[in-house]
Amino acid sequence: MALTNSGLPVATPLDERPAWALSSAEVAGEQGVDPARGLDPGTAAVRLERDGPNEVPMHAPAPLWRSVVAQLRDTLVLVLLAAAVLTALTGDTVDTAVILLVVTINTVVGVVQERRALSEVRALDALVAPTARVTRDGADSWIPTRELVRGDVLQLAAGDVVGADARLMTSVQLEVDEALLTGESQPSSRDATVISAGPATMADRTGMVHAGSTVLAGSGTSVVVATGTHTAIGQVALLVTGHRSPLTPLQRRLTVLGRQISLGVAVACLLFIASGLLRGQPWETTLVAAVALAVAAVPESLPAVVTLALSAGASRMGRHGAVVRSLPAMETLGSVTLLATDKTGTLTEGAMRADRVWTPTDGDLPLGDGPFPAATRAVLSAAALCNDADASGAGPDGAEGTADTETALVRAALAGGVDVARLRRDSPRVSVEPFDAVTRRMSSVHRCPDGSATVLAKGAPEVLLPGLVGSAAAQQVSDAWAAVGGRVLAVTADGTLLGLVTFADPVRPEATAAVTALHRAGIDVVLVSGDHVGTAIAVAGQVGIVDTDHPAADRVFGRVEPAGKLDLVSRWQDAGHVVAMTGDGVNDAPALRAADIGVAMGQRGTEVAKEAADLVLVRDSLDTVTAAVAEGRRVFDNVRRFVGYGLAGGLSEVLVMLTGPFLGLALPLLPAQILWINLLTHGPVGVAMGGEPAAPDVLRRPPRNPATGVLDRALVVQLVRNGLVLAAVCLAVAVSSAAVDGPWQTQLFITLAMGQLALALALRPAGAWTTGRSAGVPWLPIAVAANVVLLAATVLLPGLSDLLSTERISLAETAVAVGPAFFPAGLILLIRAVSPRRDAE
């Protein structure tokens, strides 16, 4: 066996031509089999031993301990573990337990995500029929699909799921459904006599059937040319398992942030220890204070903030009609720069509809609601008579939403006022020649009410039009419709042209608005489909993917196979894009897995696609993706806001501890006091910041540069400014109090804690105070208020004040400590008032 450029399997004959480029006789000779007798049991057993079973091999997962170790090697996790050790050394068992709990949760989530590929392969394997009917040694028998070998003669009938890739030997009106493999929305006709060109795509290999496809009508015999991983579906399985989901932008940014925090904490602690020892401070006191300083400087609540922010976002997405299967995917959507969407069922309704009718009398008319002109009614009446669909217009599966070509014709006739059931009773069918892939037409004879007979036919225009009156004009219309990907049928009665009908898969009403919103948010939208390029371009134009600013050459890709989709995703990622990919079929699974975020359709999607995806859309609608983008940006904004807030507080504490001794404050704060401030400012307040409402412009700004970390220049400027101002205010309060022999350490403690709590409120997104009930419970103000009470308790409650070495202070002294604490927050509000831009976007 060999692979084509698209990564799909072919049989490799001596002349290197693939199986679909050979005649059936040549393939039988290549495989060494007589199609009339099939393989003998001995030959089949040898080939099974040599090639292995016809199944997707299940790769043994890595040992659990190795997966756990891989998760614990993450930089931020290492920082957290170091913080846990430091908190344990200071005797703070509560913080130690919380940090270790966060690490445990993150590790479990990571290990679970790593093992998703195994279930994806199982879903792929389950698509193949468990048994197959083969001819061996001249007799037909049913065997397990896993025992099929190359050269087996496979019998096919309506309802069968094809068990392996095979070259047709014979076919009788054979139609197969390969939508799950190719994305082609229409049934595919298969003909054993057709020899396709070597580079033909899967949808164009008319003489082949592929594993996992379903036989809809007709029958045939075929010779197996590929089994197991060499089949098209097997190659999809290898593509899925061969590509791990990339790190999300937030994971990459947090990795960089973890390294930056580690370096900053190490430098600050070394400077503090050196300063203390140079001043002659006891090394035990210096070391304990340095440990406490390190814990205060590390925002250990960050993982909890991230996890809870993502969880809350996932919950909100559930209300929008989407199931988030991977929490990091929430934030990833907010960083998406390119969305690759499929066509059928996402941009369109996934149901065929008769779109336009052309008649020699009335010309080209759109088919809306009736009544229709007489000539148009005649076309639809004839098409409804020469038709096997239910007269009620029910879909092939009994549903109202789905429709094939036959059903679409009946529905169009009903919409035009034709009573199809009565028409069929009045003009009963006498005989029929069913549609055939070779003749490409269907004809039927009917007895009219007056006793005469009429012959109706519908089929490909190039088959029915030659020689008919008006054929030249009809051919021009047919060519124009076909040029934009339309499927065209000609309808005749007794050799007279009645007219033409073209079909369309209607665009979903909300698709255009969703694409417009995504463009407004700075996201490139491209259409990737297995359908005809002309059809894809037409749909892309209707929904706004293609316009004067977005040419079709860069935005529409048709006839794309699984490996081609994977190549496109890789190409976009190499160009620096964060790629979201939508899909519903087996052919989409590798690209869904390789994309930064895979989005599967919940209604039409296969289990394979859902298992490979990070987000499953319950309603199969693109507007849900738009809502998810907004939620993702909200999550990242909140995480970024907490990072800026937490590091500004940590910087102020570091500056107070490092600068205080040079201003006459021997040990500005005790370790217990620092840890208490850390608990008040990085605990419930930090978690509440993760649930803040979205900014008003969340979908009116471009996505963040994927290469930009959490600590970009704007955020660094903001947190340094806030940290410096807060440290200066705190030191000013402490130094002025110490000069009059006041309770300077307690006042410094209050000012530092109150200053950070006020910062949390000032950093709320624009409009957060005016969003009302739509934003939910205002948890951040509640958390700040609760922590102000706890702060007061540290001064007023005897037991707690003794633990933290604080002392009671007068109202005047309290005012001196609390009043200046609001200055940094006031400065932020002033800057916002002067500059309408979001502070540190």
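The table for this structure:
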quantity: Heavy-atom accessible area ranking, 1.4 Å probe, most first, across L658, L148; calculated: L658, L148
quantity: Alpha carbon centroid spacing (whole Å) that separates region 662-736 from region 741-764; calculated: 12
quantity: Partner lysines for K343 [C-alpha distance under 27 Å; skip if fewer than 8 residues away on the same chain]; calculated: K565, K610
quantity: Table column - 3J(HN,Hα) (Hz), region 414-425, Karplus curve with 6.51, -1.76, 1.60, x for Gly and Pro; calculated: 4, 5, x, x, 7, 7, 5, 4, 5, 4, 5, 5
quantity: Nonlocal amide H pairs with D160, under 5 Å, H built at 1.01 Å; calculated: V215
quantity: Extended-chain gain in nm, criterion 0.36 nm per residue less alpha-carbon gap, D140 and V507; calculated: 127.5 nm
quantity: Shape category assigned to region 580-731 from the gyration tensor of Cα positions, a/c cut at 1.5; calculated: prolate
quantity: Extension gain from T659 to A394, taking 0.36 nm per residue of separation minus the Cα-Cα distance; calculated: 87.4 nm
quantity: For region 543-647: rounded, prolate or oblate by the Cα gyration tensor [a/c cutoff 1.5]; calculated: prolate
quantity: In Å², nearest 10: area of L100 left accessible to a 1.4 Å probe; calculated: 80
quantity: Under 5 Å, built H, 5+ apart or other chain: amide partners of V546; calculated: G541
quantity: Theoretical gain in end-to-end length, A785 to V323 [0.36 nm per residue, Cα-Cα removed]; calculated: 162.9 nm
quantity: Region 512-629, dipole about Cα centre (Lys/Arg Cβ +1, Asp/Glu Cβ -1), debye to the nearest 20; calculated: 100
quantity: Dipole of region 645-770 [Lys/Arg +1, Asp/Glu -1 at C-beta], most positive-end residue of Q673, P684, V720; calculated: V720
quantity: Cα-centred dipole magnitude for region 413-565, charges only on beta-carbon of K, R (+1) and D, E (-1), debye, nearest 20; calculated: 440
quantity: Derived scalar couplings ³J(HN,Hα) [region 824-830; Karplus, 6.51 cos²θ - 1.76 cosθ + 1.60; whole Hz; x for Gly, Pro]; calculated: x, 5, x, 4, 4, 5, 5
quantity: Rounded, prolate or oblate (a/c below 1.5 giving rounded, otherwise prolate when a/b exceeds b/c) for region 418-524 by Cα gyration tensor; calculated: prolate
quantity: FRET efficiency, V618 to L100 (Cβ-Cβ, R0 45 Å, nearest 0.05); calculated: 0.80
quantity: At R0 = 25 Å, FRET efficiency that the Cβ-Cβ distance of H519 and A766 yields, to 0.05; calculated: 0.60
quantity: Cβ-derived FRET efficiency at R0 41 Å, V834 paired with A666, nearest 0.05; calculated: 0.55
quantity: Table column - 3J(HN,Hα) (Hz), region 816-822, Karplus curve with 6.51, -1.76, 1.60, x for Gly and Pro; calculated: 5, 7, 7, x, x, 4, 7
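The values are calculated or read from the model by the stated rules, or taken from the named source; none is laboratory data. If you're wondering where the values come from, they're calculated on a predicted model, not measured in any experiment. Here Cβ is always computed from backbone atoms with ideal geometry, including for glycine, and neighbour counts include all displayed protein chains. Just so you know, the surface numbers come from the protein's heavy atoms only, side chains and all, with ligands and any DNA or RNA stripped out. Shrake-Rupley method; radii C 1.70, N 1.55, O 1.52, S 1.80 Å.
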